[in-house]
Structures are given as structure tokens and as C-alpha cells.
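Note sheet for the following structure.
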Amino acid sequence: MHSRQLLDHFQNPRHVGELDPPAVCVEVTNPACGDILRLSALLEDGRVVEVRYKTRGCTASIAAGSALTEWMLGKSSSDLATLRKEDIDEAVGGLIPESKHAAVLCVDGVKALLRKAG
């Protein structure tokens with residue numbers, strides 16, 4: 001079943017919503033399951049100072065998005081580029097095999113954000 005950390009992020013999601021410009025906003029989709037992650041971040045001096053997310057998807061994707069936003073705060077663009085799906089898996093206390101796609105969605109979201117932020 002799901003870990004305590006995952007259930008906590010699902011039941012008490014952090015940083016939900018969207019940020020207005022000049023924040024960078026991206027949306028990524030997992031074509032296999034249809035989950036959608038909308039991620040927005042405000043960067044100042046190359047660091048994430050605010051971040052928000054919205055997810056339409058399963059319990060794991062909602063929890064992973066919450067954990068992702070906590071991980072992103074204060075990180076530099078170069079730190080963001082190092083994000084691995086294993087980091088998200090660990091942040092939610094482990095994902096069951098059927099839910100590993102949630103971590104991939106988060107990594108895809110950060111990659112898209114970095115591309116758009118240029």
C-alpha cells in the first residue's frame with residue numbers, strides 16, 4: 001500500500017495553485033495514464049523562490065507533485081537539472097510499481113520548466 005509520507009502529501013498537499021507571471025508555467029502529461037501536472041515557479045537570481053502545482057491524476061501523482069514543490073524551493077536551476085525519479089520516489093516514502101509514473105511526470109515537469117525558463 002501507500003507510505004505514510006505519500007498519504008500525508010496526498011491528504012495535505014503543499015503549494016497547490018498557480019503563480020502569475022513573471023513565474024514560468026508548464027504543463028506535462030503522461031500519455032500512458034493521462035495524468036497531468038501543471039507546474040509554475042518563480043525564479044529570482046537563478047533560484048526557485050515560489051512554486052505551485054496542480055495535478056489531475058491518481059493519488060501518487062498528486063502526492064508526488066506536492067513532494068516535488070517542497071524539493072524545488074530554494075533550488076538553483078542547476079540543482080533542478082539534477083532531479084531524478086528516484087528523488088521523488090524517496091520523497092514520498094516509496095512508490096508502488098504501478099505508481100512509478102508519478103515520479104517520471106515530476107521529472108518531465110521540471111525538464112519542461114527549465115527549457116521554458118531558458
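The values are calculated or read from the model by the stated rules, or taken from the named source; none is laboratory data. Computed from a predicted structure; not experimentally measured. Cβ: placed from backbone, ideal geometry, glycine included. Neighbour counts: every protein chain shown.
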Which residues, counting only those in region 6-34, are at pLDDT below 95, under 22 Å from L80 (Cα atoms) and surrounded by 12 or more Cβ atoms within 10 Å (Cβ to Cβ)? N30
Return yes or no: is M1 modelled with pLDDT under 95 and either in contact with a strand residue (DSSP E or B) (Cβ under 6 Å, 6 or more places away or on another chain) or not aromatic (F, W, Y) (or both)? yes
Looking at region 35-49, I want the residues that are touching a residue at least 12 places away in the same chain (Cβ under 8 Å) and have a partner that is among the aromatic types (F, W, Y) with Cβ atoms under 8 Å, at least 6 apart or on another chain. Which pairs are those? L37/Y53; R38/Y53; L39/Y53; S40/Y53
List the residue pairs whose Cβ atoms are under 7 Å apart, where the first residue sits in region 90-112 and is farther than 17 Å from A32 by Cα, the second is surrounded by fewer than 24 Cβ atoms within 10 Å (Cβ to Cβ) and among the hydroxyl-bearing types (S, T, Y), and the two are 6 or more positions apart or on different chains. V92/S3; G93/S3; G94/S3
So, R52, is that one touching a Leu at 6+ places or on another chain (Cβ under 8 Å), surrounded by 15 or more Cβ atoms within 10 Å (Cβ to Cβ), under 19 Å from K116 (Cα atoms) and among the charged types (D, E, K, R) or not? yes
Please specify each residue of region 1-23 satisfying the condition of being closer than 12 Å to G94 by Cα and in a loop (DSSP other than H, G, I, E, B). M1, H2, S3
Any residue at all in region 37-45 that is exposed (fewer than 15 other Cβ atoms within 10 Å of the Cβ) and either closer than 21 Å to K116 by Cβ or at pLDDT 95 or above (or both)? yes
